[in-house]
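Everything on this sheet refers to the single structure shown next.
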Amino acid sequence: MKRLTAILCAALAAALACSKSSTAPDPDVIDGAEMAAVRTSLDSALKDDSNYAILRTIVFGLLDRASHVTDAAGETRIAGFQLDIDATKGTQPFVAQLSGVLAWRGYSPATHTVDSVTFVIGTGLNPPVSDTLQPSFSPANAGEGTGFIIHEAPDSTVTAWKARTGALHVTTTSYGSGDRHSANGLTITVYRGSLAGDYHIGGLSVPDSTTANSSAANFSTGVRAVKTRITGTIP
């Protein structure tokens with residue numbers, strides 16, 4: 001994942017240029033303060049994780065819609081994302097295909113906190129994607145993935161659990177026409193649509209592995225998703 005850092009730096013201007021979609025009324029629009037709370041929770045728990053550092057701006061910066069999914073535990077906001085990189089620097093290829101889900105519940109406007117966040121990511125782009133979750137993974141290895149469960153207390157204290165078991169499945173995807181922007185020799189195309197599948201994750205607390213936690217969601221009918229494709233030459 002470290003090899004992607006140069007791509008993100010070069011493509012940042014283009015990513016910000018296409019970070020907003022239609023402003024038409026939409027029940028799945030994420031309130032700015034709510035998304036800020038989700039990202040604060042992620043930043044606190046995953047500040048030292050290279051996978052999250054890579055995805056923070058180029059992927060999560062583009063998420064502006066999240067579906068409402070209700071199950072026995074209540075309502076969860078879920079957004080899918082996919083990242084497709086096929087670029088070069090000189091003769092060196094930079095290639096990665098990633099799929100993932102960001103889910104959260106329990107946002108409090110009063111405390112600007114979100115009770116729980118689940119972040120799951122795996123390799124592969126074209127359905128069916130079936131990835132086994134583990135403590136770490138390489139984008140070069142098909143079938144691997146990882147994930148985190150994060151709890152934030154009303155006083156902003158954050159506790160995190162890292163995946164030891166579980167799976168991420170992507171069964172179908174559907175996107176509209178892309179919004180293309182170019183900068184610094186790279187082209188970023190952002191597609192908005194839906195992603196269907198499910199995940200289940202069992203994790204142990206970090207850094208001490210003293211407690212366990214689990215999370216699961218089924219979104220077989222699809223949730224709002226963003227696909228980002230990066231192509232071109234890194235200067």
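The values are calculated or read from the model by the stated rules, or taken from the named source; none is laboratory data. Here the structure is a predicted model, which is why all the values come from computation and not from measurement. Cβ atoms come from the backbone with ideal geometry, glycine included; neighbour counts cover every protein chain shown. The protein model used for the area step is the full one, side chains on, heavy atoms only, and it has no ligands, DNA or RNA in it. Shrake-Rupley method; radii C 1.70, N 1.55, O 1.52, S 1.80 Å.
When you restrict to C-alpha pairs under 8 Å that are six or more residues apart and normalise by the size of the chain, the relative contact order lands at 21 percent. Using 0.36 nm per residue and subtracting the Cα-Cα separation, the extra length available between Arg164 and Thr91 on full extension is 22.6 nm.
Relative contact order of the range 127-217: what whole-number percent is it, with Cα pairs under 8 angstrom and at least 6 residues apart?
Once normalised by length, the contact order is 27 percent.
Across the range 135-175, the relative contact order, built from alpha-carbon pairs under 8 Å that are at least six residues apart, equals 31 percent.
Highest mean packing comes first when the peptides 96-108, 213-225 are listed by Cβ atoms within 10 Å, giving 96-108, 213-225. Taking the protein heavy atoms of the range 176-235 in the context of the full set of protein chains, the accessible area attributed to carbon and sulfur is 47 percent at 1.4 Å. Answer with a single label: of [x] 16.9, 52; [y] 21.4, 63; [z] 17.5, 56, which was calculated as Rg and Dmax of the Cα atoms in Å from the structure in view? Working out Rg and Dmax of the Cα atoms in Å from the coordinates points to [x].
Per-residue ellipticity at 222 nm computed for the chain from its helices equals -5000 deg cm²/dmol, with DSSP H segments shorter than 4 residues left out and the rest contributing -39,500 (n - 2.57). Counting only DSSP beta bridges with both residues in the range 83-235, the antiparallel share comes to about 90 percent.
For the range 173-183, backbone phi angles converted through the Karplus equation (6.51, -1.76, 1.60; θ = phi - 60°) give residue-by-residue couplings of 9, 8, 10, x, 5, x, 9, 9, 9, 10, 6 Hz, Gly and Pro being listed as x.
In order along the range 202-212, the Karplus-derived 3J(HN,Hα) couplings, from 6.51 cos²θ - 1.76 cosθ + 1.60 at θ = phi - 60°, round to x, x, 10, 5, 10, x, 9, 6, 8, 10, 10 Hz, and Gly and Pro are given as x. Listed peptides 187-194, 149-156 appear in the order 187-194, 149-156 once ranked by packing, highest mean of other Cβ atoms within 10 Å at the front.
Take the range 146-235 with all the other protein chains still there, run a 1.4 Å probe, and you get 45 Å² of accessible area per residue.
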